[in-house]
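Okay, structure first, notes after.
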Amino acid sequence: MHPLAKLDHQFVWHPFTQMRDWLKREPTVIVAGKGAVLRDLRGREYLDANSSIWTNLHGHNHPKINTAIQQQLKKVAHSSALGLANEPASLLAARLVRAANPRLVGRASPRAGSSGASPHRLNKVFFSDDGSTALEVALKLAHEFTRRARSAGVSPASRAKVQPRFLSLEGAYHGDTVGAVSLGHIDLFHKRFSSLLFKTDRVMSPYCYRCPFNRAKPERADAREHRKCNWECVGLVEKKFASQKRRGNPYAAFVFEPLIQGAAGMIPQPRGWLRRVAEIARGHDALLIADEVMTGFGRVGQASCLSPFSKVRDRLEACPALFACQHEGVQPDFLCLAKGLTGGYLPMAATLTTQKVFDAFLGEYGEFKTFFHGHSYTANQLGAAAALACLEILQGKQSICARQNLEKNLRDELQTLWALPNVGDIRQVGLIAGIELVRDWRTRKLFDLHERAGFRVCEAMARHGVLTRPVGNVIVLMPPYCATQAQARKMVRALFDSICEVLGCSGGL
């Protein structure tokens, strides 16, 4: 065993890893990367088929991001954001606000105070460290904003009884800090920490492939394309909001991943679901918290923005939508970003919110309305410099064209997997693909998690030179935007061959 692998075994505790299994074999030690390719210390090369856990947008060792970090290092690497500002963070905040608020084509932007526009415009940015902390910031801000809004003009005794409550989706995963875990509903991850958490509610996720309301029989196509239902999942959201309102404590906020849930199993939402449930939440005066940690920065594809300011689905100017909410014209009150923000280079996150939320925390010093929350590396210069370079690449014509081609190439290659009896559903949203493994596609019967079907397939893929990780029995393909047609083909071919090796092309373990 290589000395570095021995050091890893001796000292490192890996996340979401059963270390007893880990210690049985020599780990793959990555030492270099270029584009969509990673290289280990033995000289073996692998395609990075999940963008290093969904973070790396433009490929490894990108010259523009490298240069941006190097130039910033000549100035200063980090200074505190507590009482000080800095150049790259200020520029980045302005850039994010512009991206989050695209303007209407053909007419002036909505005036302050005009119908539906100003209250939901995202124009304040709070920087933090990662996806969990981005959600933690939104959760705390929404909690305190709601508490103050509902406590205005009431007695101290009544004020003490105001307890804002939150609604999220079944299978939700929003991070691993205590507040973010409280919003999550994956028992395997969250149940054992229940004594640490506060109570939140859940509502049905639109999982078309396994939806009890979907009357369609299994077919060799994405379940969303041939579903037969009456939007019962949307009706349950309406029912949940109405029920909570009757209790006298309407939900403070609805928390969701737009268009597709990641750790839940790459569960995509049928077209129109997001817009419908957002309108329900707005109708019950709930804030919208959009977790775009995975879905942001072009990951869900190239559709043009739709207007959140009009019932008419107006087109918006400039480049294609960078955020999933924009695909359905939904403007959240909190937009949580991380992962791809720096192109996968450095830990950094941002929570965007509205002027109305910001104003609720303004007051005289002695009123102590300050948002008492922060991080040592908040708005650090290196992360901000990397993020600025990442956004510049992302909004360039070359990257837009590459993403369009990769999305099509991935879609075409994935069609070959329908030939395998253990492929139950292939779910693609833009540059995200989830392939659900089952015992037989006709019955949709699950593999037991103890059988490790997903992990075993991914281990076989690594032997074929492709790296990814499963979500249970769902294999994730989420390549960097620089991946070529040949590389996309190799990723899918490695998955095809690995399923056959592990499960047998005729089915079964």
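How many of the residues making up segment 206-264 are buried (at least 16 other Cβ atoms within 10 Å of the Cβ) and charged (D, E, K, R)? Count: 6. The residues on offer are Ala338, Ala281, and the sole one that is within 17 Å of Leu96 (Cβ to Cβ) and at pLDDT 95 or above is Ala338.
Considering only residues of segment 359-391 that are assigned to a helix (DSSP H, G or I) and out of contact with any helix residue (DSSP H, G or I) (no Cβ under 7 Å at 6 or more places or on another chain), which is surrounded by the most Cβ atoms within 10 Å (Cβ to Cβ)?
At the first step, the residues of segment 359-391 found to be assigned to a helix (DSSP H, G or I) are 359, 365-367, 381-391.
If we keep only those that are out of contact with any helix residue (DSSP H, G or I) (no Cβ under 7 Å at 6 or more places or on another chain) as well, we get 359, 365-367.
Numbers: Asp359: 12, Tyr365: 7, Gly366: 6, Glu367: 9.
Residue satisfying both the conditions and the ranking: Asp359.
Taken as a whole, the structure places Ala460 among residues that are of a type in the set (A, V, I, L, M, F, W, C), surrounded by fewer than 22 Cβ atoms within 10 Å (Cβ to Cβ) and touching an Asp or Glu at 6+ places or on another chain (Cβ under 7 Å).
Residue-by-condition table, conditions (1) within 22 Å of Gly434 (Cβ to Cβ); (2) part of a loop (DSSP other than H, G, I, E, B); (3) touching a strand residue (DSSP E or B) at 6+ places or on another chain (Cβ under 9 Å):
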| residue | (1), (2), (3) |
| --- | --- |
| Pro206 | yes, yes, yes |
| Glu238 | no, no, no |
| Gly248 | no, yes, no |
| Leu274 | yes, no, yes |
| Ala278 | no, no, yes |
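Looking across segment 281-302, just one residue is without any contact (Cβ under 8 Å) to a residue 60 or more places away in the chain, outside any loop (DSSP other than H, G, I, E, B) and within 10 Å of the chain's Cα centre (by Cα), and that is Ala290. Name the residues in segment 355-396 that are among the basic types (Lys, Arg) and at pLDDT below 95, would you? Residue satisfying the conditions is Lys369 alone.
Only one of the listed residues (Lys217, Lys199) is in a loop (DSSP other than H, G, I, E, B) and under 18 Å from Lys140 (Cβ atoms). That residue is Lys199. As a summary of the residue check, Leu406 satisfies the conditions (1) farther than 25 Å from Thr351 by Cα; (2) free of Cβ contacts under 8 Å to residues at least 24 places away in the same chain except for the one numbered (2). The condition of being modelled with pLDDT of 95 or more and over 30 Å from Gly343 (Cα atoms) holds for only one of Gly272, Gly235, Gly248, Gly262, that being Gly235.
Listed by first and then second residue, the pairs with beta-carbon distance under 9 Å, at least 6 apart or on different chains, first residue in segment 184-195 and outside the structural domain of Ala263 (by TED's automatic domain parsing) and farther than 19 Å from Glu136 by Cβ, second surrounded by fewer than 10 Cβ atoms within 10 Å (Cβ to Cβ) and among the polar types (S, T, N, Q), form an empty list. Condition first: of a type in the set (A, V, I, L, M) and either surrounded by 15 or more Cβ atoms within 10 Å (Cβ to Cβ) or modelled with pLDDT of 95 or more (or both). Now tell me which residues in segment 434-449 satisfy that. Within segment 434-449, Ile435, Leu437, Val438, Leu446 meet the criteria. Pick from segment 35-63 the residues that are in contact (Cβ under 8 Å) with a residue 60 or more places away in the chain and surrounded by fewer than 15 Cβ atoms within 10 Å (Cβ to Cβ): which of them is nearest to Gly430 (Cα to Cα)? Here the residue is Glu45.
Wholly within segment 1-75, which helices (runs of 4 or more DSSP H) include no fewer than the required count, namely at least 1 residues that are β-branched (Val, Ile, Thr)? I'd like the intermediate steps shown before the answer.
On the way: elements: 3-11, 19-22, 51-54, 63-73.
Those helices (runs of 4 or more DSSP H) span 51-54, 63-73.
The values are calculated or read from the model by the stated rules, or taken from the named source; none is laboratory data. Nothing here was measured: the structure is a model prediction, and the numbers come from that model. All Cβ positions, glycine included, derive from the backbone under ideal geometry; neighbour counts span all protein chains shown.
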